[in-house]
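What follows is calculated from the coordinates using simple rules that are stated; it is not laboratory data. All figures in this text were calculated on a predicted structure; none of them were measured in a lab. FYI the Cβ positions are ideal-geometry reconstructions off the backbone, even for glycines, and counts take in every protein chain you see.
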Amino acid sequence: MNYRRVFVQNSCVHLIVTSYNREAIFIGNIEILRSAFKNTSKNYKFEIIAICVLPEHIHMILKPNNINEYPKIISSIKHYFSKNVGQVCPTYNEKIGYKNKREKCIFQRRYFEHTIIDENELNTQINYIHYNPVKHNFAKSVKEWKYSSFHKFVKDKLYDENWGSIKDIESIKDLEIE
């Protein structure tokens, strides 16, 4: 099947990568995930603008040096993580061919991507990513979730430490990205 991807040079891309069957594998294997990003950065040049790792999915905004490479960046991250995490899913779903393609059923094959075209949209998407752990009831406040770039944004004085009130999320509360 052919997928249509948008490649706008010098843009950022909001990506959501999800585990197979939404298995909660990422937090328990966070060091392997970090190594996957680090290993991928040896072959591809990109900046992580914002990221939030949840147990079963990852939100990130990437700015690749070459926008055409973001599918390869995601593929590289998924490959490294899958190779090093071991078998976390006990069964394969033969109907969708995971076993025939020698896949470990760690990730959903497809991922969400959204090209960000302006600074206003970038800020909205960053807010959405940082609020995501609260939205999914993994934390009561944004600052409680430690697997997020939110803390870097606070350190860089781009957010107040207590960001995430109803007023703060007004522009993102109705967004349905996932």
Positive end of the charge dipole of segment 1-65 (Lys, Arg +1 and Asp, Glu -1 on Cβ, about the Cα centre): tell me which of Asn29, Phe46, Met60 has its Cα farthest that way. Phe46
Please report the spacing between the Cα centers of segment 54-80 and segment 99-159 in Å, no decimals. 12 Å
With just the Cα atoms of segment 1-91, tell me how far they stretch along each of the three principal axes, in Å, largest first. 40, 30, 21
What pairs in Lys45/Lys140; Lys83/Lys135; Lys63/Lys146; Lys63/Lys152 have C-alpha atoms more than 24 Å from each other? Lys45/Lys140; Lys83/Lys135
With the Cα gyration tensor of segment 107-165 giving a ≥ b ≥ c as the square roots of its eigenvalues, does the rule (a/c under 1.5 for rounded; else a/b larger than b/c for prolate; else oblate) give rounded, prolate or oblate? oblate
